[in-house]
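Shown next, in C-alpha cells, is the structure this report addresses.
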Amino acid sequence: MIRIGMTGEATTRSLRDSPDLRTLGGAFDIIGDVHGCADELRELLRNLGYDVRLSGTGEGRRAHVRTPAGRRAVFVGDLVDRGPAAPDVLRIVMALATEGQALAVPGNHDVKFVRWLAGRQVRLTHGLERTAEQFETESPAFRTHVATFLERLPIHLWLDGGALAVAHAGLKYEMLGRDTDAIRSFCLYGETSGEQDELGLPVRYHWAAEYGGRTAIVYGHTPVPAAEWFNNTLCVDTGCCFGGRLTALRWPERAIVSVAAHQVYASPRRPFGHPPVRPDVAD
Ligand code: MN
C-alpha cells in the first residue's frame with residue numbers, strides 16, 4: 001500500500017542529520033524549552049560564560065555569540081511559541097550552530113511552526129499565533145534560513161561516547177541513534193495514549209518511569225517545578241514561558257544553572273509536573 005504521508009515522511013527524514021554523534025565529546029550546556037524567551041536565554045547563556053549580543057533592526061538584525069572554550073550549547077527544542085521574541089531566539093541559536101558551537105533537536109512546536117512557514121494548514125493555537133505575528137515582519141530570506149535550519153535538525157542526539165542523549169520529549173534505549181517515523185513521534189511527543197484529556201490536550205504518560213538505560217537522557221516538553229534526576233533521565237523544561245525558569249544542565253559536571261522568567265508570557269494549561277505512569281506499568 002502506498003500512502004502519500006509515508007512518502008512525505010521519508011523525504012523529510014532524508015533531510016535530517018544523523019542522531020548518532022557518539023564521537024562528539026566535550027562539555028555541553030543543555031538548555032530546556034526556550035519558547036521565544038530571548039531575554040532569559042541571553043541571561044542564562046551569560047551566566048554559563050557565553051557572550052551574546054544582538055544588533056541592528058529589520059533585515060540587518062544579527063546575533064553575535066562567543067562560546068567558552070571547550071563547551072557547546074545543546075537545545076532540547078521548542079525554541080518558538082508563547083514567548084515574546086522567537087525570531088531573536090532563532091538568531092542566537094542559529095548563530096551558535098553556524099559556528100559549530102551549538103546543537104539542537106526539534107520540539108513539537110518547532111515542527112508545527114515549520115509547517116506554518118511552508119504554508120501548510122495549521123491551527124494558530126498554543127502560542128503559534130504569537131510566533132506567526134512576530135514573523136510577519138521578518139524577511140523571506142530569514143524565514144527560509146529558519147525553515148532549512150529546523151528541518152535539518154537530527155531527531156535526537158546521542159553524544160559523548162554514548163553516555164548522553166538529548167531528545168525533546170523522551171527516548172527509549174532501543175531508539176538511540178536511529179530515526180524512524182515511530183521514533184520521531186516518541187522524540188517529539190513522548191509516550192501518549194492517543195486520547196485527549198478534558199482540556200483537549202493529548203494524554204501523556206511518564207515514559208521515564210520505564211527507562212533503565214546506561215545512557216543519561218536529557219529532555220524537555222513537560223514543564224516541571226525543578227530539574228531532578230530520575231532513572232538516569234532529567235527534564236530541563238522548567239516552564240520559563242509560563243513564568244517559571246529557564247534551566248541548563250552542565251555536562252559532564254551535572255551542575256544545574258537556571259534563571260527566573262522576567263514575566264509570565266502564557267498561562268499553563270496544566271499544573272507543572274510529570275504526567276502519571278502508564279496504567280499497566282503502575283501496578
Ligand atoms: Mn515545550
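Only the coordinates and a few stated rules stand behind these numbers; no lab work does. Please read these numbers as outputs of a predicted model, since none were measured by experiment. All Cβ positions, even for glycine, are placed from backbone atoms using ideal geometry, and neighbour counts span all protein chains on display.
Between the amide H of ASP197 and those of VAL203, distances stay under 5 Å, these residues lying 5 or more places away or on another chain, with hydrogens modeled in the peptide plane. Does the range 204-269 classify as rounded, prolate or oblate by the C-alpha gyration tensor (a ≥ b ≥ c root eigenvalues; a/c under 1.5 gives rounded; else a/b over b/c gives prolate, otherwise oblate)? Oblate. Taking amide hydrogens as placed 1.01 Å from N in the peptide plane, the amide H of LEU124 sits under 5 Å from that of no residue at least 5 positions away in sequence or on another chain.
Each of PHE186, PHE230, SER55 was placed along the dipole of the chain (beta-carbon charges, centred on the mean Cα), and the one lying farthest toward the positive end is SER55.
This model, with +1 at the C-beta of Lys and Arg and -1 at the C-beta of Asp and Glu, gives the range 198-283 a dipole about its Cα centre of some 240 debye.
Shape class of the range 53-187 from the alpha-carbon gyration tensor: oblate, with a/c at 1.5 or above and b/c at least as large as a/b. The sum of -39500 (n - 2.57) across all DSSP H runs of n ≥ 4, divided by the residue count of the chain, sets its helix-only mean residue ellipticity at 222 nm to -8000 deg cm²/dmol. With the cut-off at 1.5 for a/c, could you classify the range 7-117 from its C-alpha gyration tensor as rounded, prolate or oblate? Oblate is the answer for the range 7-117, as a/c is 1.5 or above yet b/c matches or exceeds a/b.
With +1 on the Cβ of every Lys and Arg and -1 on the Cβ of every Asp and Glu, and nothing else charged, how large is the dipole of the chain about its Cα centre, in debye rounded to the nearest 20?
Result for the chain is approximately 540 debye, rounded to the nearest 20.
Scanning the chain for DSSP H helices at least 15 Å long along the axis (C-alpha atoms) with a Kyte-Doolittle mean no lower than -0.5 picks out 4-15, 86-98, 140-152.
I need the semi-axes of the equivalent ellipsoid of the range 80-135: take the C-alpha gyration tensor, multiply each eigenvalue by 5, square-root it, list largest first in whole angstrom.
Working: eigenvalues 92, 30, 17 Å².
So the three semi-axes of the range 80-135 are 21, 12, 9 Å.
Diagonalising the gyration tensor over the Cα atoms of the chain and scaling each eigenvalue by 5 before taking the square root yields semi-axes of 26, 23, 20 Å, largest first. When the Gaussian network model of the chain links Cα atoms closer than 10 Å, the mean-square fluctuations of VAL236, VAL34, VAL89 top out at VAL89.
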